[in-house]
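K.L.:
This is the structure I want to talk about, given as structure tokens.
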Amino acid sequence: MVPGGPRPGVEVRWNIEGDPIIGYFARILGAPTAPGFPPYPVNRVFALFKDQQKAERWHFKPYEYYGLNQYVILGHDEGFWVAPEEGGELIYQQLVLQGDIEPRYPPRAVFELRWVESD
């Protein structure tokens, strides 16, 4: 995790590599990311400065319910990212399905992604 999480009002730049079929690696500060694994909390998203082979391939699911460029970021187990309420660290939460109903994600699980060309 980025120590202390993102600062309010500061835009965080991520490097996204991969494709929509097998998934994307999301890198921050040059390190790939993954949900926590013991001994770390499993309900957080971590930047892996070590053990980079454990990086997760994320899937970016368009979620037009909230408008254009809105995405839910899913892991291989259908867990998803949730923004913290104030600063802090990204949360990784499991989806609770309710029958055949299309999943609805909370507002803090929807991220605006703006794709830019690399420098």
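The values are calculated or read from the model by the stated rules, or taken from the named source; none is laboratory data. Small disclaimer: the values here were computed from a predicted structure and weren't measured. FYI the Cβ positions are ideal-geometry reconstructions off the backbone, even for glycines, and counts take in every protein chain you see.
K.L.:
Which condition number in (1) modelled with pLDDT under 90; (2) closer than 24 Å to V116 by Cβ is the one that I101 fails?
P.N.:
Just one mismatch for I101, condition (2).
K.L.:
Is there a residue in region 96-107 that is within 19 Å of Y24 (Cα to Cα) and surrounded by 13 or more Cβ atoms within 10 Å (Cβ to Cβ)?
P.N.:
No: region 96-107 contains no residue that is within 19 Å of Y24 (Cα to Cα) and surrounded by 13 or more Cβ atoms within 10 Å (Cβ to Cβ).
K.L.:
Now a separate question. Evaluate region 74-90: report whether one residue or more is crowded, with 16+ Cβ neighbours inside 10 Å, in contact with a strand residue (DSSP E or B) (Cβ under 7 Å, 6 or more places away or on another chain) and over 26 Å from G30 (Cβ atoms).
P.N.:
no
K.L.:
What number of residues in region 37-51 are exposed (fewer than 15 other Cβ atoms within 10 Å of the Cβ) and touching a residue at least 12 places away in the same chain (Cβ under 8 Å)?
P.N.:
3
K.L.:
In region 93-119, what residues are within 22 Å of R13 (Cβ to Cβ) and either assigned to a loop (DSSP other than H, G, I, E, B) or among the hydrophobic types (A, V, I, L, M, F, W, C) (or both)?
P.N.:
A109, V110, F111, L113, R114, W115, V116, E117, S118, D119
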